[in-house]
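Below is one structure, written out as structure tokens; comments come after it.
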Amino acid sequence: MQHSRKIRYIIAFLLLSISVLVFVAMNVCIGTVKISLEDIIASIGGGQINNSRILWDIRMPRTMAAMILGGALALAGYLLQTFFHNPIAGPFVLGISSGAKMVVALVMVFLMGHAIRVSSVTLIAAAFLGAMISMGFVLLMSRKVNNMSMLVVSGVMIGYICSAVTELVVTFANDAEIVNLHNWSRGSFSGMTWDNVIVMAVVITVTFVIVFFMAKPLSAYQLGESYAQNMGVNIRVLRVALVILSSILSACIVAFAGPISFVGVAVPHLVKSLLGSTKPILMIPACFLGGSVFCLFCDLLARTMFAPTELSISTVTAVFGAPVVLWVMIRRSREKVA
Amino acid sequence: MKYYFKTEGLSVGYHKKPIIKDIEIGLEKGEILTLIGPNGAGKSTVLKSIAKQLAIIAGTIYLDEQSVESMSGTELSQNMAVVLTEKLRTEMMTCEDVVATGRYPYTGRFGILSESDHKVVKEAMELVHVTAIKDQDFTRISDGQRQRVMLARAICQEPEIIILDEPTSYLDVKYKLEFLSILQEMRKKKGLTVIMSLHELELAERVSDKILCIDGKCVDRFGKPEEVFEQGYISKLFSIASGSFDEENGSMELEPAKGEAKVFVIAGGGTGRNVYRRLQRQGIPFITGVLPQNDLDYPVARALATDVIATEAFEPITEEHMQEARKKLTSCDKIICCKETFGTLEQANLELLRFAKESVKEIEMNC
């Protein structure tokens, strides 16, 4: 039993890692301009190729962003699900993405209006503030309602309010800014620069390492707070850490790519089924890889399906993610009956 | 005397409002303490406070002369294990995984189990006989199996003291006895101290070294079972209004039938108990006698009969008793005799039966 499980874990991780590589390659190769794998390898080796600018300035940063942010998104979802003991929690569903989006939009419009350049760090800080505001509301609600669906409903409501405010701001923003802001507020990986990628890589790597070191207390926390406490876990510290870390992850995503729906809910469940385990020490890295694969795949579709028109990333993630959420809810209600 | 576990002026409750005040407990190493009391009296509150799950309102808890409050989470978890009524939340976890979570305080930063950890897990599972279900999903086993898995989990935490909140509630009689035997064994082998709450008073009486009675406001009594289980005390503690609890034997009877008794039961030596209970079920009040007070039938008779004609233990039946018995028998319409043969010291009852036959009463032989 123990042995066959280990084999399953190894296979799952191999599968996820290979998928990430394959999708990275596909995302870089496929597009209006096709770039062959040989060219890419040549270019990485320092050789000159035809479409080097498209490769290095557009495709590469975009692909890297999809990979990093996708992973972060799935991880944020996993942390929130663990925190709320709620299988359909996620940054988008709970309105945390929308809160972040609202504050980012406000800051962007304000700063652009004063002709100040908006740096990546400012964006993340603004998004973090917004995420924490939404999170605060959700936490207040979670004290009042002890019901899994009610919590999600209140999160969705918070999301709507924040989106409405964002819409308002976007509507009254300068014409020149609207296009950018509009695209971003719907969620997109387009227009990434290497600067963006470096900042997100640093922030998310640090967060990921911290989360990974929390795997042990998380595994105790999963069993329920009373038991975790008996196992020597400082519940209060852990809860605060979970709130802050999941908010940082959500904020980072929103700051660069806008709100992206369903990845945070769907991916942890798919990964869980793949692993056949919920051990955080496996789930944390696996969710990250799974989120990367999912977002790389969705971005590829968003970019190429109706090229040159680009779909918003959420359109694609919703198509694949929402059914998973439905499946989870049906399975859970069936288990309750049984 | 040196106590391993001690509380001083302990007050427990929720939101800074004390529910139970001034709890003074002292336990030596390896003693078993059982909390009894009516539903909602605060047994769980006391247990949770001891396990540091609830902030205590006043007083101190000492474990081996060290204040529990001053202990770190890990330190406490290596000394104290809990089995709560609250369900363990698991997903895709086998019973073995659940048991293994007990090793948590001993594993390293990433919580990976070593060979010796696996050995402890295996031993704990063998001890409570859950090895057969180790690969089953924890959510798909019965409540009774779950309680045993939870005990295995607590055991593999290698605690000095274990806190159990109603651990036997879902277990059938076999496993109830087995569960308590395991606790006794652990006490013998490892000097495990046990604090638990039980609803089964008869088991509490048998397994506990000390008993703590909680009645919703304070600790009503604390002491050895024989001190606590005084006649009539349990009925008072639980405010039993319908039926009765026999502290001496740890058995309970339903409410006796009301009304004027028209049935007389001649019994003795355990032959009458089932008849008494049948009459109670049918709602027929009855009189019974003559029984010595140390007769097997006596406790049930006392609980169910309208009237019991009884003699002191090991004393002969006197003419006085006989007169009373004849008088009561005369007032009845029906006699039930549970005895076929009468021993030397029961000749009075045989005489009673003859007397009944002479007065042409309806006689039912039930032997």
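All of the numbers you see were taken from the coordinates with simple rules; none came from a lab. All figures in this text were calculated on a predicted structure; none of them were measured in a lab. For neighbour counting, all protein chains shown are included, and Cβ atoms are generated from backbone atoms with ideal geometry for every residue, glycine included.
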* Size of charge dipole - segment A:1-61 - debye, nearest 20, with Cβ of Lys, Arg +1 and Asp, Glu -1, no other charges -> 380 debye
* How high is the relative contact order of chain B, in percent, with contacts defined as C-alpha pairs under 8 Å that are six or more residues apart? -> 15 percent
* **Electrostatic dipole magnitude of segment B:15-172 [Cβ: Lys, Arg +1; Asp, Glu -1; Cα centre; debye, to 20]** => 540 debye
* Can you give the extra length, in nm with one decimal, that the chain gains between B:Gln184 and B:Met252 once fully stretched, where that is 0.36 nm per residue apart less the Cα-Cα distance? -> 22.0 nm
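If you take the square roots of the eigenvalues of the alpha-carbon gyration tensor of segment B:5-240 and sort them as a ≥ b ≥ c, do you get rounded (a/c under 1.5), prolate (a/b over b/c) or oblate?
Since a/c reaches 1.5 and a/b is larger than b/c, the shape of segment B:5-240 is classed as prolate.
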* Around B:His199, which amide H atoms from residues at least 5 apart in sequence, or from another chain, sit under 5 Å from its own amide H, with H modelled in the peptide plane? -> none
* Set of lysines with alpha-carbon distance to B:Lys217 below 25 Å, sequence-local pairs under 8 removed -> B:Lys6, B:Lys16, B:Lys17, B:Lys21, B:Lys43, B:Lys48, B:Lys52, B:Lys236
* Asked: Using Cα pairs under 8 angstrom and six or more residues apart, how large is the relative contact order of chain A, in percent?
  -> 30 percent
* Kindly provide the GluC sites (Glu not before Pro) of segment B:90-171 that DSSP labels as loop, not H, G, I, E or B, and whose Cβ sees at most 15 other Cβ atoms within 10 Å. => B:Glu91
* Asked: Which ³J(HN,Hα) values in Hz, rounded to whole numbers, follow from the phi angles of segment B:320-327 under the Karplus curve 6.51 cos²θ - 1.76 cosθ + 1.60, where θ = phi - 60° and Gly and Pro get x?
  -> 4, 4, 5, 4, 4, 4, 4, 4
* To do: Grab the eigenvalues of the alpha-carbon gyration tensor for the protein assembly as shown, scale each by 5, take roots, and send me the semi-axes largest first in whole angstrom.
  => 72, 25, 24
* To do: Return an integer: the convex hull volume of the alpha-carbon atoms of segment B:215-301, in Å³ per residue.
  => 97 Å³
* Asked: If each of B:Arg326 and B:Lys361 carries a label point 7 Å out from its Cα toward its Cβ, how far apart are those two points in nm?
  -> 1.3 nm
* With θ set to phi - 60° and the Karplus curve 6.51 cos²θ - 1.76 cosθ + 1.60, what are the ³J(HN,Hα) couplings of segment B:215-222 in order, to the nearest whole Hz, using x for Gly and Pro? -> 10, x, 10, 8, 7, 7, 8, 9
* To do: Report the one residue of B:Met186, A:Ser4, B:Gly30 whose Cα lies farthest in the direction of the positive end of the charge dipole of the protein assembly as shown (charges on C-beta: Lys and Arg +1, Asp and Glu -1; origin at the Cα centre).
  => A:Ser4
* Structure fact -> Over 30 Å (Cα to Cα) among B:Lys190/B:Lys210; A:Lys101/B:Lys87; B:Lys224/B:Lys328 -> A:Lys101/B:Lys87; B:Lys224/B:Lys328
* **Antiparallel bridges, percent of DSSP beta bridges restricted to the protein assembly as shown (to nearest 5)** => 40 percent
* Kirkwood Rh over Cα pairs of segment B:162-259 into Stokes-Einstein at 25 °C, 0.890 mPa s: D in µm²/s? -> 166 µm²/s
* Relative to the compact-globule scaling 2.2 N^0.38 Å, provide the ratio for the alpha-carbon radius of gyration of segment B:118-217. => 1.09
* Over segment A:2-337, how many percent of alpha carbon pairs lie in each 10 Å bin up to the one with the longest distance? -> 6, 26, 34, 23, 9, 2, 0
* J(HN,Hα) series, segment B:127-136, from Karplus relation 6.51 cos²θ - 1.76 cosθ + 1.60, nearest Hz, glycine and proline x -> 4, 9, 6, 10, 4, 5, 9, 4, 8, 7
* Give a quick list of chymotrypsin sites (Phe, Trp or Tyr not before Pro) in segment B:221-322 that DSSP marks as loop, anything other than H, G, I, E or B, with at most 12 other Cβ atoms within 10 Å. => B:Phe314
* Looking at segment A:230-338, which chymotrypsin sites (Phe, Trp or Tyr not before Pro) are DSSP coil and have at most 11 other C-beta atoms within 10 Å of their C-beta? -> A:Phe306
* Structure fact -> Log entry: pair-distance distribution for segment B:254-365, C-alpha pairs binned every 5 Å from zero, whole % per bin is 2, 13, 27, 27, 21, 9, 2
* Using modelled backbone amide H atoms (1.01 Å from N, in-plane), which distant-in-sequence or interchain residues come within less than 5 Å of B:Tyr4's amide H? -> B:Leu27, B:Glu28, B:Lys29
* Quickly estimate the mean residue ellipticity at 222 nm for chain B, helices only: each DSSP H run with n ≥ 4 gives -39500 (n - 2.57), and the total goes over all residues, rounded to 500. => -9500 deg cm²/dmol
* Structure fact -> Sorted by chain and number, the residues with a modelled amide H under 5 Å from that of B:Arg221, at a separation of 5 or more or across chains, are B:Cys213
* Asked: Given the rule -39500 (n - 2.57) for each run of at least 4 DSSP H residues, summed and divided by the residues of chain A, what is its mean residue ellipticity at 222 nm, to the nearest 500 deg cm²/dmol?
  -> -26000 deg cm²/dmol
* **Exercise: per-residue mean of other protein chain Cβ atoms within 10 Å, A:210-218** => 2
